[in-house]
1. Within region 138-152, can one find any residue that is modelled with pLDDT under 95, farther than 23 Å from T27 by Cβ, crowded, with 22+ Cβ neighbours inside 10 Å and not acidic (D, E)?
2. Name every residue in region 77-87 that is crowded, with 17+ Cβ neighbours inside 10 Å and farther than 16 Å from M363 by Cβ, in order of residue number.
3. Specify which of the listed residues (G175, G156) is within 16 Å of the chain's Cα centre (by Cα), crowded, with 24+ Cβ neighbours inside 10 Å and among the small types (G, A, S).
4. Considering only region 284-294, state which residues are within 16 Å of A144 (Cβ to Cβ) and either without any contact (Cβ under 8 Å) to a residue 24 or more places away in the chain or of a type in the set (G, A, S) (or both).
5. Only one residue in S303, S255 is in contact with a His (Cβ under 8 Å, 6 or more places away or on another chain), outside any strand (DSSP E or B) and on the phi < 0 side of the Ramachandran plot. Which one?
6. Identify the single condition in (1) at pLDDT below 95; (2) in a helix (DSSP H, G or I); (3) surrounded by fewer than 24 Cβ atoms within 10 Å (Cβ to Cβ); (4) in contact with a helix residue (DSSP H, G or I) (Cβ under 9 Å, 6 or more places away or on another chain) that A415 does not satisfy, given that it satisfies every other one.
7. Between T310, T358, which is over 17 Å from L239 (Cα atoms), at pLDDT below 90 and either touching a Leu at 6+ places or on another chain (Cβ under 7 Å) or among the β-branched types (V, I, T) (or both)?
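The values are calculated or read from the model by the stated rules, or taken from the named source; none is laboratory data. All of these numbers come straight from a predicted model, not from anything done at the bench. Using ideal geometry, Cβ is built from the backbone for each residue, glycine included, and neighbour counts are taken over all protein chains shown.
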Amino acid sequence: MKDIKFTQNGRFFYGWIVVFLGLILMTFAYVGFVSLTSVFVLPVTEDLGIDRGDWMSYMVVMSLACIVASPFLGKLMGKYSLKLWVAFACLCGIVGYIGFSRADSMTAFYLFGIILGIGFAGTVPMPVSIMINKWFGGKIRGTATGIAFLGSGLGGMILSPILNSVIASSGWRMGYITLAIVYVVLMILVLIFANDNPEAKGFTRMGEDEAEKVKDPSERKGMDLKEAMRTPEFYIALLSTVLVVLASSALLANSVAFFVGCGINDASAASFHGFMLGSLIVGKPVIGFITDKLGIRASTVISTIIFAGTFAMLFIMPSSPMVFVYLVIACYGLGGPTITVVPPLMINGLFGDKDYGTLVGVMNMATSIGGAFGGTVAAMVYDATGSYSGFWIVACISVAIAAILRFVAFKIHDAKEKRLAA
């Protein structure tokens with residue numbers, strides 16, 4: 001904690017304003033794209049007469065758009081005006097949610113899902129990771145990232161009950177209008193506060209370790225995308241992220257419906273969904289702190305193993321819903337950071353700073369691939385079997401495999417570092 005300071009050269013360190021902006025974006029942008037689908041599942045499908053799996057297939061289209069847009073936006077944000085590209089992404093969010101509010105067919109959800117996919121790629125979590133990496137070095141980067149990324153949990157606690165109330169009183173269409181208004185506010189904040197250039201503000205990166213200390217920021221150490229793509233750990237890291245997000249997106253999209261199916265009433269189910277997301281308020285800073293103290297290798301494996309436990313609890317939950325729902329929340333709180341906090345830190349730990357923006361953009365692609373199919377596949381399993389249990393078991397095994405893959409990726413990386421040092 002001694003490396004964490006709030007001033008530099010007698011001035012308040014602007015990097016903490018960047019962290020706060022990241023917190024706001026993760027609070028209101030990330031949850032809008034990722035964490036609140038579950039609130040809309042029942043009202044939309046019942047009103048339009050669409051099967052759950054069919055309706056959530058729009059997430060595949062949205063995620064594919066995100067996959068295509070992510071590497072381009074990552075490269076553009078790393079080299080040009082990050083602020084303007086994030087503002088453009090917020091505008092895509094506004095247009096997409098207004099479109100959703102007027103949708104009467106799957107065609108409309110697909111069309112505006114493409115626009116939302118571009119918005120997701122350029123709003124969170126990629127630009128937040130890029131900004132934090134520019135402002136904070138390895139000694140405190142994990143803590144700064146954990147603080148910013150806890151917004152996804154905070155946003156779930158705030159927006160889930162609000163949207164549930166709006167939908168109950170005014171319908172699901174007004175719920176989407178509410179999200180569009182949120183993005184108007186976010187776009188204004190981004191244009192005012194976003195900054196990825198400490199030197200232009202008269203600051204230097206805080207908390208750099210010895211390996212990161214260079215006079216010229218353009219001399220950052222590490223690999224570029226082409227070099228990273230020639231290493232096995234690059235593909236292992238991407239595959240592990242796909243597996244983790246596949247499981248996560250299924251839970252986020254179907255948790256309310258699953259809780260209701262376990263015998264919990266609608267209002268309580270929405271509240272538990274919010275509490276589950278809210279548990280990240282504790283979990284993300286904890287994992288960030290562990291990263292700074294024990295290293296990204298330890299925090300990666302620990303958080304991923306705990307996250308696998310979430311799905312074991314979900315599988316058992318129907319036997320005693322009001323007991324296991326709290327265990328689900330606890331496991332999700334400490335394991336959930338493996339979805340958002342860990343991947344950008346893992347990129348830095350494996351490949352350094354040299355081409356960080358582009359590599360985070362590629363990691364965002366892996367996130368989108370997992371997000372494209374998790375919610376839809378879980379819903380289709382339910383449509384076919386009348387239960388989510390089979391999917392929870394597969395998800396538990398997949399996340400456990402991801403923990404092993406991440407351990408292996410760092411073992412390969414460390415072996416190479418030792419050979420180079422010899």
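1. Initial filter on region 138-152 (modelled with pLDDT under 95): 138-152.
Subsequent filtering for residues that are farther than 23 Å from T27 by Cβ retains 138-139.
From what's left, crowded, with 22+ Cβ neighbours inside 10 Å: 138.
Add one more test, that the residue is not acidic (D, E), and what stays is 138.
Scanning region 138-152 turns up at least one residue that is modelled with pLDDT under 95, farther than 23 Å from T27 by Cβ, crowded, with 22+ Cβ neighbours inside 10 Å and not acidic (D, E).
2. Initial filter on region 77-87 (crowded, with 17+ Cβ neighbours inside 10 Å): 77-78, 82-83, 85-87.
Passing the criteria: L82, K83, W85, V86, A87.
3. Working: G175 fails: within 16 Å of the chain's Cα centre (by Cα).
Selected residue: G156, the only one of G175, G156 that is within 16 Å of the chain's Cα centre (by Cα), crowded, with 24+ Cβ neighbours inside 10 Å and among the small types (G, A, S).
4. Scanning region 284-294 gives G288, K293.
5. On the way: S303 fails: in contact with a His (Cβ under 8 Å, 6 or more places away or on another chain).
None of the other options fit; the residue is S255.
6. Among (1) at pLDDT below 95; (2) in a helix (DSSP H, G or I); (3) surrounded by fewer than 24 Cβ atoms within 10 Å (Cβ to Cβ); (4) in contact with a helix residue (DSSP H, G or I) (Cβ under 9 Å, 6 or more places away or on another chain), the lone unmet condition for A415 is (4).
7. Details: T310 fails: at pLDDT below 90.
After ruling out the rest, the residue left standing is T358.
Yes/no matrix, rows are residues, columns are (1) at pLDDT 90 or above; (2) buried (at least 21 other Cβ atoms within 10 Å of the Cβ); (3) aromatic (F, W, Y):
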residue	(1), (2), (3)
G333	yes, yes, no
T338	yes, yes, no
V342	yes, yes, no
G370	no, yes, no
G375	no, yes, no
A384	yes, no, no
F391	yes, yes, yes
